[in-house]
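Working notes for the structure below.
The values are calculated or read from the model by the stated rules, or taken from the named source; none is laboratory data. Worth saying up front: this structure is predicted, and the values here are computed from it rather than measured. Glycine gets a Cβ as well: all are built from the backbone with ideal geometry, and neighbour counts include every protein chain shown.
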Amino acid sequence: MEYYVTFKYPEGMEPIPIPEQFRQQITPPEVVEKKEEKPEQNFIVLTEMKGNDGIITDFIPSLKDKYADKINQMLSDSEFSESTMSFEEIIPNYSESLGIYCVCGDLAKIEIVNICNWKNQFKFYLFEGESCKCGEKVYALSLLDESIEIPSELKEIFSS
Ligand SMILES: [Zn+2]
(Lines give C-alpha, C1' and ligand atoms only; values in the text may rest on other atoms or scores of the structure.)
Protein backbone atom coordinates (compact mmCIF):
# COMPACT_ATOMS: atom_id res chain seq x y z
CA MET A 1 0.00 0.00 0.00
CA GLU A 2 1.28 3.45 -0.90
CA TYR A 3 0.35 6.74 0.58
CA TYR A 4 0.59 9.94 -1.34
CA VAL A 5 1.10 12.90 0.88
CA THR A 6 0.84 16.43 -0.34
CA PHE A 7 0.99 19.51 1.72
CA LYS A 8 0.73 23.15 1.06
CA TYR A 9 2.43 26.05 2.66
CA PRO A 10 0.01 27.80 4.94
CA GLU A 11 -1.49 30.80 3.32
CA GLY A 12 0.70 33.86 3.48
CA MET A 13 3.83 31.86 4.11
CA GLU A 14 6.71 32.11 1.67
CA PRO A 15 8.24 28.87 0.45
CA ILE A 16 11.12 27.97 2.72
CA PRO A 17 14.36 28.97 1.00
CA ILE A 18 16.74 26.14 0.33
CA PRO A 19 19.99 26.66 2.22
CA GLU A 20 22.83 27.59 -0.11
CA GLN A 21 24.90 24.46 0.44
CA PHE A 22 21.97 22.25 -0.58
CA ARG A 23 21.10 24.41 -3.51
CA GLN A 24 24.58 23.90 -4.90
CA GLN A 25 24.16 20.17 -4.63
CA ILE A 26 20.89 20.06 -6.47
CA THR A 27 21.79 22.56 -9.18
CA PRO A 28 23.30 20.69 -12.09
CA PRO A 29 26.81 21.86 -12.88
CA GLU A 30 27.07 24.34 -15.67
CA VAL A 31 27.11 22.66 -19.02
CA VAL A 32 30.70 22.56 -20.13
CA GLU A 33 31.23 22.74 -23.84
CA LYS A 34 31.80 19.24 -25.07
CA LYS A 35 35.32 18.70 -26.24
CA GLU A 36 36.15 16.15 -28.83
CA GLU A 37 38.14 13.37 -27.25
CA LYS A 38 40.37 12.98 -30.24
CA PRO A 39 41.10 15.69 -32.76
CA GLU A 40 39.34 15.23 -36.05
CA GLN A 41 41.41 13.36 -38.63
CA ASN A 42 39.23 12.78 -41.67
CA PHE A 43 39.35 16.16 -43.29
CA ILE A 44 38.32 16.42 -46.89
CA VAL A 45 39.47 19.42 -48.88
CA LEU A 46 37.61 20.51 -51.98
CA THR A 47 40.64 21.01 -54.18
CA GLU A 48 40.65 22.45 -57.70
CA MET A 49 37.72 24.51 -56.47
CA LYS A 50 35.86 26.46 -59.13
CA GLY A 51 33.49 29.15 -58.09
CA ASN A 52 33.01 32.75 -57.11
CA ASP A 53 31.43 34.77 -54.34
CA GLY A 54 30.82 31.78 -52.12
CA ILE A 55 29.19 29.61 -54.78
CA ILE A 56 31.07 26.41 -55.62
CA THR A 57 30.52 24.98 -59.08
CA ASP A 58 33.20 22.31 -59.22
CA PHE A 59 35.83 20.62 -57.07
CA ILE A 60 37.85 17.46 -56.53
CA PRO A 61 37.43 16.11 -53.01
CA SER A 62 40.75 15.02 -51.47
CA LEU A 63 41.17 13.25 -48.16
CA LYS A 64 43.79 15.25 -46.27
CA ASP A 65 44.21 13.04 -43.24
CA LYS A 66 47.97 13.50 -43.32
CA TYR A 67 47.47 17.24 -42.87
CA ALA A 68 45.12 16.74 -39.92
CA ASP A 69 47.45 18.41 -37.41
CA LYS A 70 47.93 21.45 -39.64
CA ILE A 71 44.20 21.67 -40.31
CA ASN A 72 43.32 21.38 -36.64
CA GLN A 73 45.83 24.15 -35.94
CA MET A 74 44.36 26.31 -38.70
CA LEU A 75 40.87 25.78 -37.28
CA SER A 76 41.95 26.70 -33.78
CA ASP A 77 43.49 29.89 -35.18
CA SER A 78 40.19 30.78 -36.86
CA GLU A 79 36.99 32.45 -35.82
CA PHE A 80 33.79 30.74 -36.90
CA SER A 81 30.54 32.21 -38.06
CA GLU A 82 27.58 30.45 -39.57
CA SER A 83 27.05 31.06 -43.25
CA THR A 84 24.04 33.08 -44.32
CA MET A 85 23.81 30.91 -47.43
CA SER A 86 22.54 27.37 -47.15
CA PHE A 87 24.59 24.45 -48.37
CA GLU A 88 22.15 23.98 -51.28
CA GLU A 89 22.86 27.55 -52.37
CA ILE A 90 26.61 27.13 -51.99
CA ILE A 91 26.90 23.91 -54.01
CA PRO A 92 23.77 23.91 -56.18
CA ASN A 93 24.98 20.87 -58.15
CA TYR A 94 25.73 18.74 -55.09
CA SER A 95 25.08 15.15 -56.13
CA GLU A 96 26.74 11.77 -56.41
CA SER A 97 28.90 13.05 -59.25
CA LEU A 98 29.87 16.25 -57.43
CA GLY A 99 29.76 15.04 -53.87
CA ILE A 100 31.61 14.79 -50.60
CA TYR A 101 31.88 11.23 -49.39
CA CYS A 102 32.31 9.75 -45.96
CA VAL A 103 35.23 7.35 -45.42
CA CYS A 104 32.67 4.50 -45.61
CA GLY A 105 31.67 5.58 -49.12
CA ASP A 106 28.31 7.18 -48.36
CA LEU A 107 27.48 10.57 -49.78
CA ALA A 108 27.70 13.02 -46.88
CA LYS A 109 24.70 15.09 -45.89
CA ILE A 110 26.02 18.48 -44.86
CA GLU A 111 24.34 19.88 -41.79
CA ILE A 112 26.36 22.96 -40.81
CA VAL A 113 28.19 25.49 -42.95
CA ASN A 114 30.75 27.56 -41.09
CA ILE A 115 32.73 30.42 -42.50
CA CYS A 116 36.10 30.42 -40.83
CA ASN A 117 38.22 33.51 -40.61
CA TRP A 118 41.88 32.68 -40.19
CA LYS A 119 43.74 35.42 -38.33
CA ASN A 120 41.58 38.01 -40.09
CA GLN A 121 43.55 37.29 -43.26
CA PHE A 122 41.77 34.48 -45.04
CA LYS A 123 38.28 33.01 -45.11
CA PHE A 124 37.27 29.47 -45.96
CA TYR A 125 34.32 27.13 -45.56
CA LEU A 126 34.10 24.32 -43.07
CA PHE A 127 31.24 21.98 -43.91
CA GLU A 128 30.14 19.62 -41.17
CA GLY A 129 28.24 16.52 -42.11
CA GLU A 130 25.53 14.77 -40.16
CA SER A 131 26.73 11.77 -38.20
CA CYS A 132 26.96 9.03 -40.77
CA LYS A 133 25.53 5.61 -40.06
CA CYS A 134 29.10 4.28 -39.85
CA GLY A 135 29.65 6.60 -36.85
CA GLU A 136 32.00 9.01 -38.62
CA LYS A 137 31.36 12.63 -39.40
CA VAL A 138 32.57 14.41 -42.48
CA TYR A 139 34.43 17.69 -42.24
CA ALA A 140 35.17 19.37 -45.53
CA LEU A 141 37.11 22.53 -46.24
CA SER A 142 36.80 24.76 -49.24
CA LEU A 143 37.78 28.15 -50.53
CA LEU A 144 35.02 30.73 -50.97
CA ASP A 145 36.34 31.89 -54.31
CA GLU A 146 38.73 30.40 -56.83
CA SER A 147 40.62 33.69 -57.13
CA ILE A 148 41.25 34.07 -53.41
CA GLU A 149 44.85 34.47 -52.29
CA ILE A 150 45.81 31.57 -49.99
CA PRO A 151 48.35 32.47 -47.28
CA SER A 152 51.61 30.64 -48.04
CA GLU A 153 51.54 28.62 -44.79
CA LEU A 154 48.11 27.21 -45.72
CA LYS A 155 48.75 26.55 -49.40
CA GLU A 156 49.53 22.84 -49.05
CA ILE A 157 46.25 22.26 -47.22
CA PHE A 158 44.17 23.57 -50.09
CA SER A 159 46.25 22.37 -53.02
CA SER A 160 45.52 19.04 -54.67
ZN1 LIG B 1 30.12 6.85 -43.16
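How about segment 81-111: which of its residues are aromatic (F, W, Y) and in contact with a Leu (Cβ under 7 Å, 6 or more places away or on another chain)? Listed by number, the list holds a single entry, Y101.
If you go through segment 136-152 and pick out every residue that is among the β-branched types (V, I, T) and either assigned to a strand (DSSP E or B) or surrounded by 17 or more Cβ atoms within 10 Å (Cβ to Cβ) (or both), you end up with 1.
In segment 100-135, of all residues being aromatic (F, W, Y) and over 10 Å from the mean Cα position of the chain (by Cα), the one that is nearest to the ligand (Cβ to nearest atom) corresponds to Y101.
Filtered by the rule that a residue be in contact with a Phe, Trp or Tyr (Cβ under 8 Å, 6 or more places away or on another chain) and part of a loop (DSSP other than H, G, I, E, B), segment 92-135 gives Y94, L98, I100, A108. When E11, E33, E2 are checked against the criterion of being modelled with pLDDT under 95, closer than 30 Å to F122 by Cβ and part of a loop (DSSP other than H, G, I, E, B), E33 stands alone in meeting it. Taking (1) away from the ligand (no atom under 16 Å from the Cβ); (2) of a type in the set (V, I, T); (3) surrounded by 13 or more Cβ atoms within 10 Å (Cβ to Cβ) in turn, T84 satisfies each apart from (3).
Pairs are defined by a Cβ separation below 8 Å, a sequence spacing of at least 6 or placement on different chains, a first member in segment 92-106 that is closer than 14 Å to F59 by Cβ and touching a residue at least 40 places away in the same chain (Cβ under 8 Å), and a second member that is more than 15 Å from the ligand (Cβ to nearest atom) and among the acidic types (D, E); the pairs so defined are L98/D58. For residues that are under 22 Å from the mean Cα position of the chain (by Cα), more than 16 Å from the ligand (Cβ to nearest atom) and of a type outside the set (S, T, Y), scanning just segment 136-149, find the one that is nearest to L107 (Cα to Cα). That would be L141.
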